[in-house]
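Chemist: Handing you this structure, nothing more for now.
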Amino acid sequence: MATQAEHSSTNRRDFLYVATGAVAGVGAAAVVWPLINQLNPDASTLALATIEYDISAIPEGQTVTITWRGLPVFVRHRTAAEVEEAKAVPLSELKDPETDEQRTKEGHEPWLIMIANCTHLGCVPTGEAGEFDGWFCPCHGSEYDTAGRIRKGPAPKNLVVPPYEFVSDTLVRIG
Amino acid sequence: MSEHSTYVPGSAVEKWLDDRLPIIRFSKEHLMDFPTPKNLNYWWTFGAILVMCLGIQIVTGIILAMHYTPNIAMAFDSVEHIRRDVNGGRVIQAVHAVGASAFFAALYIHIFRGLFFGSYKAPREILWILGVVIFILVMATAFMGYVLPWGQMSFWGATVITNIFSAIPLVGNSIMELLRGGFAVGNPTLNRFFSLHYLLPFIVAAVVALHIWALHVPGNNNPIGVEVKDSRDTLPFHPYYTMKDALGMVVFLIPFAWFVFFAPDILGHPDNYIQANSQVTPTHIVPEWYLLPFYTILRAIDFNVLFIDSKLGGVIAMGGSMLCLLVVPWLDTARVRSGSFRPLFKWFYALFVLNFIGLTYMGAQDPSVPLNNILGKVFVAYYFIYFLVILPVLSRIETPKPLPTSISESVLGKAHA
């Protein structure tokens with residue numbers, strides 16, 4: 001045994017060396033992880049992840065910006081013309097194809113609820129602006145249509161629709 | 001390096017210290033007797049000017065931290081408090097803010113000096129790479145510092161820059177939330193940026209020490225790019241270059257002081273005197289002037305390339321612009337270092353400088369204007385073509401002018417001419 005170990009290219013000492021190194025590496029990673037993980041959103045931030053909002057006060061053609069998880073959220077009461085305009089767009093014209101139905105809740109089509117940060121670099125777009133009657137982002141010129149879908153400019157995606165549901169006809173729960 | 005030293009401990013105490021911690025010997029070798037090419041021009045004083053800038057930022061920064069509050073409810077007001085109430089705070093805050101711009105002005109001059117005189121070439125690659133690392137660290141520090149006053153530009157700058165990370169496929173969003181400590185830029189973001197803004201300058205100082213170490217192994221490059229051959233080519237660093245650097249620093253401080261006393265806010269943006277508001281974006285988000293060239297590169301990619309979308313493309317381009325700087329020692333393989341002896345290089349270099357000014361200018365313009373959009377793309381293209389095409393090709397085809405045989409010959413020849 002001893003002679004075999006002496007002659008083979010890897011011996012007991014090499015094994016111990018690698019094994020010790022591996023254990024030390026795992027140990028180091030286990031220590032470093034909490035030091036990095038503390039940077040992640042804390043409990044108080046996560047606790048604000050669900051809100052309820054009464055939409056009854058928003059007249060047709062108006063947008064209200066509310067805050068959810070620290071992010072601005074548009075709640076838009078669209079006019080019938082805007083809904084029609086959004087529905088009339090063929091999917092082939094869209095950079096990030098989604099139908100108007102996919103972006104709204106059935107039975108609540110006038111209501112468009114989206115995170116108000118441009119999907120390019122996060123600026124808040126200006127409402128009822130741009131060539132598509134939706135939103136125009138002043139930072140880098142992205143333009144969205146009346147369903148908040150990206151139509152022009154550097155943004156890659158449609159404005160994000162957060163998870164939400166209608167608790168009643170006038171109350172939405174976001175998150 | 002001990003061969004440069006003529007140090008003989010003068011007293012019994014010095015002898016005793018020298019045997020235990022040869023700090024006097026070290027200082028004499030590296031700060032006083034260090035053999036320095038005798039033909040260095042004033043472009044070479046920017047190294048010392050940069051050390052001064054770092055010192056100014058650290059001293060004024062530590063003072064500002066004594067009066068600043070890193071909390072979103074109080075940060076904005078605490079900066080106003082510094083500017084209005086703290087004794088001398090108006091000037092100290094202005095020195096710190098103007099100091100950041102001065103730091104970058106000197107950094108850019110220092111980098112462009114290196115690019116012209118071939119200071120990145122063997123055996124100075126590590127020296128150059130450490131310099132690029134310092135540049136990147138200083139940009140990160142400056143960006144985080146700009147967030148601290150918690151004005152509109154602070155907030156939206158932080159939002160845009162942290163959003164850049166979300167372009168990374170799969171893990172991008174998690175990384176963005178990790179950096180922000182929340183779903184949006186908020187109090188956790190401000191707190192950590194303050195902590196890191198305080199830390200990074202000391203890391204920079206450590207890398208500067210390595211940078212100077214790497215400088216003191218091969219010694220300085222010089223305007224003709226011919227290596228030092230013997231002691232006739234050099235002068236001791238002190239008093240020759242301590243004096244030259246001191247003059248450089250004093251002259252540099254004249255415009256610095258003008259900004260501090262007469263126009264402390266001229267380089268800032270009026271929107272940053274409005275407190276941060278997560279619901280409203282300023283009409284134009286413009287970074288500080290020193291980040292504009294890279295901002296232009298970031299947003300020039302507004303089209304998808306294959307499976308890479310425009311957002312990730314912009315980030316890759318911006319990262320690539322830094323990568324080009326890092327690897328330039330291997331892109332420009334011409335034997336002759338100094339641009340003065342490279343008849344073709346000179347012109348492309350001059351165009352590169354103008355192009356960089358163009359990149360800076362475009363960063364502050366509205367990209368939705370078609371002409372700006374096209375010009376921006378042209379400038380970005382030249383930036384990359386210079387590094388990736390022109391430098392490698394010139395290295396092969398260019399015939400350099402004859403070099404002087406030594407530094408001493410070039411200096412004396414000039415005197416006789």
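Computed from the coordinates by the stated procedures, all read-outs in this text should not be read as laboratory data. Remember, predicted model here, so these are calculated numbers, not experimental data. Virtual Cβ from ideal backbone geometry, glycine too; neighbours counted across all protein chains shown.
Chemist: For peptide A:139-147, compute the average count of partner chain beta-carbon atoms within 10 Å of each residue's beta-carbon.
Modeler: Neighbouring Cβ atoms belonging to other protein chains average 4 per residue here.
Chemist: Binning at 10 angstrom from zero up to the longest distance, how are the C-alpha pair distances of the stretch B:57-207 distributed in percent?
Modeler: Result returned by the calculation: 10, 34, 31, 19, 5, 0.
Chemist: State the cysteines of the protein assembly as shown left without a partner when partners are defined as other cysteines whose beta carbon lies under 4.7 Å away.
Modeler: When partners are defined as cysteine Cβ atoms under 4.7 Å apart, the protein assembly as shown leaves B:Cys53, B:Cys324 without one.
Chemist: Further question: On the principal axes of its Cα set, how long, how wide and how thick is the stretch B:123-218? Give whole Å, largest value first.
Modeler: Principal-axis extents of the stretch B:123-218 (Cα, largest first): 49, 32, 18 Å.
Chemist: How many angstrom lie between the Cα centre of the stretch A:24-64 and the Cα centre of the stretch B:241-262?
Modeler: Taking the Cα centre of the stretch B:241-262 as reference, the centre of the stretch A:24-64 is 48 Å away.
Chemist: Over chain B, what is the mean sequence separation of C-alpha contacts under 8 Å (at least six apart), divided by residue count, expressed as relative contact order in percent?
Modeler: 22 percent
Chemist: Once the Cα atoms of helix B:343-363 and of chain B are each reduced to a long axis, what angle between those two axes, in degrees from 0 to 90 to the nearest 10, is obtained?
Modeler: Orientation of helix B:343-363: about 20 degrees from the principal axis.
Chemist: Using only alpha carbon pairs under 8 Å that are at least six residues apart, calculate the relative contact order of chain A and give it in whole percent.
Modeler: Working: 267 pairs, mean separation 31.9, N = 175.
Computed value for chain A: 18 percent relative contact order.
Chemist: Still on this structure: Compute the FRET efficiency between B:Phe262 and B:Ile374 as 1/(1 + (r/R0)^6), taking r as their Cβ-Cβ distance and R0 = 35 Å, and round to the nearest 0.05.
Modeler: 0.40
Chemist: What ranking do B:Tyr290, B:Tyr240 get, fewest neighbouring Cβ atoms within 10 angstrom at the top? Write down the numbers at each step before the final one.
Modeler: On the way: B:Tyr290 21, B:Tyr240 14.
Ascending number of Cβ neighbours within 10 Å: B:Tyr240, B:Tyr290.
Chemist: Starting from the Cα of B:Asn277, step 7 Å along the direction of its Cβ; do the same at B:Ile126; then give the gap between the two resulting points in nm.
Modeler: Rounded to a tenth, the inter-label distance reads 5.4 nm.
Chemist: Which whole number gives the average, over all residues in B:180-191, of C-beta atoms from other chains lying within 10 Å of the residue C-beta? Could the numbers behind the result be given before it?
Modeler: On the way: counts 5, 6, 10, 11, 11, 3, 5, 3, 8, 2, 0, 0.
Other-chain Cβ atoms within 10 Å of each residue's Cβ, averaged: 5.
Chemist: By how many degrees, between 0 and 90 and to the nearest 10, does the Cα long axis of helix A:12-37 differ from the longest principal axis of chain A?
Modeler: Result, in degrees: 30.
Chemist: Roughly how tilted is helix B:370-385, in degrees to the nearest 10 and between 0 and 90, from the longest Cα axis of chain B?
Modeler: 30 degrees
Chemist: Let me ask you something else. Near A:Lys105, which lysines are there with a Cα under 19 Å away, not counting those fewer than 8 places off in the same chain?
Modeler: Correct list for A:Lys105: A:Lys87.
Chemist: Once phi is turned into ³J(HN,Hα) by the Karplus curve 6.51 cos²θ - 1.76 cosθ + 1.60 with θ = phi - 60°, what whole-Hz value does each residue of the stretch B:143-155 show in order, with x for glycine and proline?
Modeler: 4, 5, x, 5, 6, 4, x, 6, x, 4, 5, 4, 5
Chemist: What is the dipole size for the protein assembly as shown, taken about its Cα centre, with +1 at each Lys and Arg Cβ and -1 at each Asp and Glu Cβ, in debye to the nearest 20?
Modeler: Approximately 2320 debye in magnitude.
Chemist: To continue, here is another question. For chain B, what is one quarter of the convex hull surface built on the Cα atoms, given in nm²?
Modeler: Value for chain B: 24.8 nm².
Chemist: Right, another one. Tell me which lysines have Cα within less than 23 Å of B:Lys377's Cα, excluding those fewer than 8 residues away on the same chain?
Modeler: Result set, ordered by chain and number: A:Lys95, A:Lys152, A:Lys157, B:Lys311.
Chemist: Once the convex hull of the C-alpha atoms of the stretch B:139-293 is built, how many Å³ does it hold per residue, rounded to a whole number?
Modeler: Taking only Cα atoms, the stretch B:139-293 has a hull volume of 185 Å³ per residue.
Chemist: Continuing with this model, one more query. What whole-number distance in Å separates the alpha-carbon centres of the stretch B:88-152 and the stretch B:1-66?
Modeler: 21 Å
Chemist: While we're on this one: Rounded if a/c is under 1.5, else prolate if a/b is larger than b/c, else oblate: which is the protein assembly as shown, with a ≥ b ≥ c the root eigenvalues of its Cα gyration tensor?
Modeler: Prolate shape, in that a/c is at least 1.5 and a/b is the bigger ratio.
Chemist: Which distance in nm do the two modelled labels at B:Asn41 and B:Glu409 give, with both placed 7 Å along the Cα-to-Cβ direction?
Modeler: In this crude label model, B:Asn41 to B:Glu409 measures out at 2.1 nm.
Chemist: Okay, next question. Computed FRET efficiency, Cβ-Cβ of A:Thr20 and A:Ser44, R0 45 Å: what is it to the nearest 0.05?
Modeler: Numbers: r = 41 Å, r/R0 = 0.92.
Rounded to the nearest 0.05, the efficiency is 0.65.
Chemist: Can you compute the label reach from A:Glu165? Point 7 Å from Cα along the Cβ direction, backbone N cut-off under 18 Å, restricted to the stretch A:93-126.
Modeler: A:103-109, A:113
Chemist: Nearest 0.05, what FRET efficiency do B:Glu227 and B:His67 give at R0 = 45 Å with Cβ-Cβ as r?
Modeler: 0.35
Chemist: I've got another one for you. Taking the Cα centre of each part, how many Å lie between the stretch B:168-239 and the stretch B:269-328?
Modeler: Taking the Cα centre of the stretch B:269-328 as reference, the centre of the stretch B:168-239 is 21 Å away.
Chemist: Please enumerate, by chain and number, the lysines with C-alpha under 29 Å from the C-alpha of B:Lys28, excluding those fewer than 8 residues away in the same chain.
Modeler: B:Lys15, B:Lys38, B:Lys121, B:Lys229, B:Lys244
Chemist: What ranking, highest mean first, results for peptides B:220-226, B:273-279 when packing means the other Cβ atoms within 10 Å averaged over each residue? Walk me through the intermediate numbers first.
Modeler: Details: B:220-226: 22.4, B:273-279: 16.6.
Highest-to-lowest ranking by the protection proxy: B:220-226, B:273-279.
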